[in-house]
Amino acid sequence: MAALRPPRSVSSRDSSDGSERLDGAGSWDALEWTKIEPVTRSVSHVNSEFLLEAERVIEEGHGVVLVNRDEAGTLFVTNFRLLFLSDGTRNIVPLGTIPLATIEKFNKMVVKNQSAPCQIDRSPTRRLLHIIGKDMRIIVFGFRPRTKQRRVIFDALLRCAKPARIWDRYAFTCGPSKFSKPNSKVRLLNEYFRLLGKDSYCASVSMVEEGSFTLSNDLWRISNTNSNYTVCSSYPFALIVPKSISDEEVIQASTFRARCRILVVSWCHPGIGAVLARSAQPLVGLMMNMRSNADEKLVASLCTQLVDRKGSRRKLYIADARPRKNALANGAMGGGSESSSNYFHSEIVFFRIDNIHAMRESFARLRDYLDTHGATSSDGMSSFLVSPAVLALLRS
């Protein structure tokens, strides 16, 4: 981890640009902001070796500085990503290259050197583009003053990151890949065969079409109950369920789970019977008194062996990711959580993970911490350093 960078102070908003204005000096200010003549050669021809299949350049900016690394280069907006090429090595800089779908948000900022109190402020402003990624990255690009390159790049990002039509996205414009890939259903069946210890079997498209994939071992079996996605539209066409449970019981148990997301096996040990399974919340209702014999039988069937190798009786742990109060509150909408008294030799464990809004805020704090203390941070210009609490401390 790198040492904490000197904090910055924040002034009022820049009315001419409509973005935040930050005061402070960074190490990248020492770079030469020399005038760079426009490149007259075809961009797509010069950099074709860096472009993917059907990827095309929309806009470009020259003499752009990747502030995180104090590195100058050329910034391209393509129909797939934001691509940064180093002027020194002419290679792609991974830190400054990010797919458009990975960008959470971006905005323009203005920064200038901090002047002495008695001096007239004549320092040129630095025009920045602030990129926040869904992959924990915070990337900052600096543009030459008195040019329109930042505006051009920003407008191109607006058009390409959020196209008006879904068909304009790269995934659709590039068409089918020239590389052959196995059918997704075939890949799923091969994984199921591996989990069941049936590695000698190899799935095929004909096996999927004929429905001849319902193999089993001593504990588990592959069910084709959801082959037409009629039981649960958000589950795959094939499911691993306990061998002792019939397809009729699977269908009956699905009505007791939210969105019919029945209890299915995600991982199992072919020998000792250890298993991981997942499902949606049970529909126990406001009084938490609704029950389903089929669901309880299905859950109990996960304990295929009641005694482990040490001779101890096995217990079934039902992990609920929510806080207990949230689970109880969901009872008002018909949901809720299991009761250990209704499920054979089980224990309910609440992980106390809060709702999506709290998780999003927690993720943002973690990202800001990494940006502040990381070796490749965005020069300390994270929301952590410009938070009101930190600014009050700096001014005191």
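Coordinate-derived values only; no laboratory data. Because the structure is a prediction, the values reported are computed rather than measured. Cβ atoms come from the backbone with ideal geometry, glycine included; neighbour counts cover every protein chain shown.
Once C-alpha pairs closer than 8 Å and six or more residues apart are averaged by separation and normalised to the residue number of the stretch 184-350, the relative contact order reads 16 percent. Placing a label point 7 Å from the Cα of SER233 along the Cα-to-Cβ direction, the residues of the stretch 257-277 with a backbone N closer than 15 Å are 259-261.
Residue order for PHE172, PHE143, PHE106, PHE50, fewest other beta carbons within 10 angstrom first, comes to PHE172, PHE50, PHE106, PHE143. Scalar couplings 3J(HN,Hα) for the stretch 339-354, obtained by applying the Karplus form with A = 6.51, B = -1.76, C = 1.60 to θ = phi - 60°, are 10, 5, 6, 9, 10, 4, 6, 10, 9, 8, 10, 9, 7, 6, 7, 6 Hz; x denotes Gly and Pro.
In terms of other Cβ atoms within 10 Å, ASP168, ASP371 run from fewest to most in the order ASP168, ASP371. If you add up the charges near ASN224, with Lys and Arg at +1 and Asp and Glu at -1, over every other residue whose beta carbon is less than 12 angstrom from its beta carbon, what do you get? Charge balance near ASN224 sits at -1.
Projected label points at PHE351 and TYR201, each 7 Å from Cα along the beta carbon direction, are separated by 3.0 nanometres. Note on the stretch 184-350: Lys pairs 8 or more places apart or on different chains, Cα atoms under 24 Å apart, count 6. Put in line by how crowded their Cβ is, counting other Cβ atoms within 10 Å and starting with the fewest, PHE237, PHE351 read PHE351, PHE237. Here's the picture: charge each Lys and Arg Cβ at +1 and each Asp and Glu Cβ at -1 in the stretch 181-340, and of SER206, ASN293, SER246 the one pushed furthest to the positive end of that dipole is ASN293.
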